[in-house]
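Beneath this line is the structure, given in structure tokens, with notes to follow.
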Amino acid sequence: METLKRGSFVKLLYREVYLAKKDMRVGTILFFAFALFCVLIMISFEHGNIGKMIHYVFGNAETEEARLLNEEKISQIRDSIFGMMKLFPVIMGCQFLMAGLDVSGRDELLSWQRFARCSPVSPARRAAAKTVMSLIYLCISVFLAVLYMNIVGAVQGRGVTSGEYALAFTVVAFMAAFCTLGQIYTMILHSTEKGMLALLGTIMVPMWIFAFVNGMGKHNEDIELDVITASCEKLMPFLPLIVLGVFALGFAAMYGLYKRREK
Amino acid sequence: MTDYENAIEINGLTKKYDGFTLDNVSFSVPKGSIMGFIGQNGAGKTTTIRALLNIIKTDAGSIELLGLDHIKNEYDIKERIAVVFDELPFHDSFTGNALSKMFAGLYGAWDEKRFLELCDRFGLPMKKKLGKFSKGMKMKMQIATALSHNAELLIMDEATTGLDPVVRNEILDMFREYLMDGDKSILMSSHITSDLEKIADCVTFIDRGKILLTGYKDDILESHGMMKCTKADFKEISPEDYISARLNDFGAELLVADRAAAAKKYSGAETEKTTLEEIMLFYVNRDKKEWQ
């Protein structure tokens, strides 16, 4: 039998990109809006009114001891604010990763899956298209994270530390895993809403357990950003493997779901 | 390409659900013909089609499409067939142009030029989003995509339901052209029997998961007949000689499977040709035997 020509894989990716256009537009706007907002906050803290306000609140000290205490507090506030301002846009940049989840959800609302089942595109090819798109979204999110971190580094006049890169990449990797799992849940439950609820449950339950155990007083220490950053730095060499592992599992799960037949 | 006599061959297809069973379904769609697959809602048409397309698992039976096993050669078959559902399976945000690009990813034999010709013929705007299309336009778009990758077999599941007669006629004309070369076949499930009377070569009637009739449409219409008689005469007719009878104040109408034999045996009764719709109606009521 003659070998039949198969459809173009690039055109399969075109479908994913076309449907994710709106999400990508929203992701781009959110990223740049938050990036601008956070950079302005940091500039204002260092050279502008926010900094003046903080110094006004904590600036008055009658003794040397009080002055040192106030400076310590200002430094802590600065670190907290700068820590948050560095992470928000990175998280917003991960909006691109949500695009895959959104497209899968919309596929479930229509009879698209049934139609795709009637097409000559194999489950492996379909799963591969979704996985490749997720990788592309991940690369976009990483690029945006690096871009933003470097802008912040330039604003602060000191560049980007390896700890800051590690923290940003860990956040992106976590979001990638989050979105891949969300996509799987959406496909299993045939609904974006149910998929998101299942995903939140998966994430919230360990957090609740952790908060409960922490609240019981067994772990009394506050978790410092430095500690988290140090942990992320230790994780960094393994991060690419972890991400690839997550995507490989995602591919396998999607392949299985696409292959299954209806009852 | 494989050589085959029947575009679709189903033998002993069985699928069990709670409360419904597709029971030993067997029929064939000869190459180059249109098969009208009729039955009332819930009769098993969609279940049969889903089994054909390997969308659902089956409990027993064999299915061949284009001379090939429908599971072993699934993707080779699907490259050569097209499916049209009753609802548009594409996102509303697609335009005709975007749909064409997407289909180039699905089918190796996608013919963009043919697609554009069909859209032009159907009067479908290529830059307008599908969400703004009317129901008829959406169905025409779906059919345009189905006819644009040189498919040898077109399977339609209630695709003309809900469309107005003008649109349905346009679509039926398109199918007549599609079949002209004699190598292409259509399986069309519907409960709009008037469409199938116009276009089908063969008819298969399914009811409650069982095939009641299958064969060439003209043969079925020629063999079946409607016998009309008075109430008094109706009492003389043996129940074995008719499928079911519709009683009214004036007399009875009986569907007979052998019109010629019935006319000969019951010469006092009026026997005439019937339609697919009436055949369907009377067969559906066969268990009651007499109904109003």
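The values are calculated or read from the model by the stated rules, or taken from the named source; none is laboratory data. Model, not experiment: these values are computed from the prediction. Quick reminder, even Gly has a Cβ in these numbers, built from the backbone with ideal geometry, and neighbours come from all protein chains shown.
For every residue, the table says whether it meets (1) out of contact with any strand residue (DSSP E or B) (no Cβ under 9 Å at 6 or more places or on another chain); (2) crowded, with 18+ Cβ neighbours inside 10 Å; (3) within 14 Å of chain B (Cβ to nearest Cβ).
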site	(1), (2), (3)
A:Gly7	no, yes, yes
A:Leu12	yes, yes, yes
A:Thr28	yes, no, no
A:Met42	yes, yes, no
A:Val57	yes, no, no
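Which residue out of B:Lys127, B:Lys113 is in a loop (DSSP other than H, G, I, E, B), more than 13 Å from chain A (Cβ to nearest Cβ) and modelled with pLDDT of 90 or more? Exactly one residue qualifies, and that residue is B:Lys127.
If the condition is being part of a helix (DSSP H, G or I), at the interface with chain B (Cβ under 7 Å from one of its Cβ atoms) and either hydrophobic (A, V, I, L, M, F, W, C) or more than 12 Å from B:His91 (Cβ to Cβ) (or both), then region A:102-118 contributes A:Trp112, A:Arg114, A:Phe115, A:Arg117.
Output the residues belonging to region B:221-240 that are of a type in the set (A, V, I, L, M, F, W, C) and surrounded by fewer than 12 Cβ atoms within 10 Å (Cβ to Cβ).
Going through region B:221-240, the residues of a type in the set (A, V, I, L, M, F, W, C) turn out to be B:221, B:226-227, B:229, B:232, B:234, B:237.
The answer is B:Ala232, and nothing else.
Just to be sure, is A:Val121 at negative phi and part of a helix (DSSP H, G or I)? Spelling it out, it is not the case that A:Val121 is at negative phi and part of a helix (DSSP H, G or I). Of B:Asn11, B:Asn41, all but one fail to be among the polar types (S, T, N, Q), part of a loop (DSSP other than H, G, I, E, B), away from chain A (no Cβ under 14 Å) and touching a residue at least 24 places away in the same chain (Cβ under 8 Å); the exception is B:Asn41.
Taking the numbered list (1) touching a helix residue (DSSP H, G or I) at 6+ places or on another chain (Cβ under 6 Å); (2) in contact (Cβ under 8 Å) with a residue 12 or more places away in the chain in turn, A:Arg106 passes all entries but (1).
Just to check your reading of the model, which residue among B:Lys265, B:Lys273, B:Lys210, B:Lys289 is within 30 Å of B:Val166 (Cα to Cα), surrounded by fewer than 21 Cβ atoms within 10 Å (Cβ to Cβ) and either over 29 Å from the mean Cα position of the chain (by Cα) or of a type in the set (Lys, Arg) (or both)? Don't jump to the end; show me each part of the working.
Working: B:Lys265 fails: within 30 Å of B:Val166 (Cα to Cα); B:Lys210 fails: within 30 Å of B:Val166 (Cα to Cα); B:Lys289 fails: within 30 Å of B:Val166 (Cα to Cα).
On inspection, the qualifying residue turns out to be B:Lys273.
Restricting attention to region B:47-66, the residues that are surrounded by fewer than 17 Cβ atoms within 10 Å (Cβ to Cβ) and more than 8 Å from chain A (Cβ to nearest Cβ) add up to 4. Of the listed requirements (1) of a type in the set (Lys, Arg); (2) under 24 Å from B:Gly105 (Cβ atoms); (3) not in a helix (DSSP H, G or I), A:Arg158 misses just one: (2).
Within region A:140-174, being farther than 18 Å from A:Ala35 by Cα and among the hydrophobic types (A, V, I, L, M, F, W, C) holds for A:Ala166, A:Ala173, A:Phe174.
The residue pairs whose first member lies in region A:236-263 and is over 14 Å from A:Leu181 (Cα atoms) and within 14 Å of another protein chain (Cβ to nearest Cβ), whose second member is surrounded by 15 or more Cβ atoms within 10 Å (Cβ to Cβ) and polar (S, T, N, Q), and whose beta carbons are closer than 7 Å, counting only pairs six or more residues apart or on different chains, are A:Arg261/B:Asn54.
Going through (1) within 24 Å of the chain's Cα centre (by Cα); (2) within 10 Å of chain A (Cβ to nearest Cβ); (3) free of Cβ contacts under 8 Å to residues at least 12 places away in the same chain one by one, B:Asp69 falls short only on (2). Just one of the listed residues (A:Val227, A:Val152) is surrounded by 13 or more Cβ atoms within 10 Å (Cβ to Cβ) and under 22 Å from A:Met85 (Cα atoms), and it is A:Val152. Among all residues of region B:21-36, there is at least one that is of a type outside the set (Gly, Ala, Ser), more than 13 Å from chain A (Cβ to nearest Cβ), in a loop (DSSP other than H, G, I, E, B) and crowded, with 16+ Cβ neighbours inside 10 Å. Tell me yes or no: at least one residue of region B:156-179 is assigned to a strand (DSSP E or B), closer than 29 Å to B:Leu68 by Cα and either assigned by TED's automatic domain parsing to the domain that holds B:Glu79 or among the aliphatic types (A, V, I, L, M) (or both). Taking every residue of region B:156-179 in turn, at least one turns out to be assigned to a strand (DSSP E or B), closer than 29 Å to B:Leu68 by Cα and either assigned by TED's automatic domain parsing to the domain that holds B:Glu79 or among the aliphatic types (A, V, I, L, M) (or both).
Checking the structure you have, find out if any residue of region B:101-119 is touching a residue at least 60 places away in the same chain (Cβ under 8 Å), in the same structural domain as B:Leu52 (by TED's automatic domain parsing) and not β-branched (Val, Ile, Thr). Write out each step before concluding.
First pass over region B:101-119, keeping only residues touching a residue at least 60 places away in the same chain (Cβ under 8 Å): none.
Scanning region B:101-119, I find no residue that is touching a residue at least 60 places away in the same chain (Cβ under 8 Å), in the same structural domain as B:Leu52 (by TED's automatic domain parsing) and not β-branched (Val, Ile, Thr), so the answer is no.
Of the residues B:Ile171, B:Ile77, which single one is within 14 Å of chain A (Cβ to nearest Cβ) and either touching a Phe, Trp or Tyr at 6+ places or on another chain (Cβ under 8 Å) or buried (at least 18 other Cβ atoms within 10 Å of the Cβ) (or both)?
Numbers: B:Ile171 fails: within 14 Å of chain A (Cβ to nearest Cβ).
The conditions single out B:Ile77.
Filtering region B:217-251 to residues that are closer than 18 Å to B:Asp287 by Cβ and in a strand (DSSP E or B) leaves B:Ser244, B:Ala245, B:Arg246, B:Leu247.
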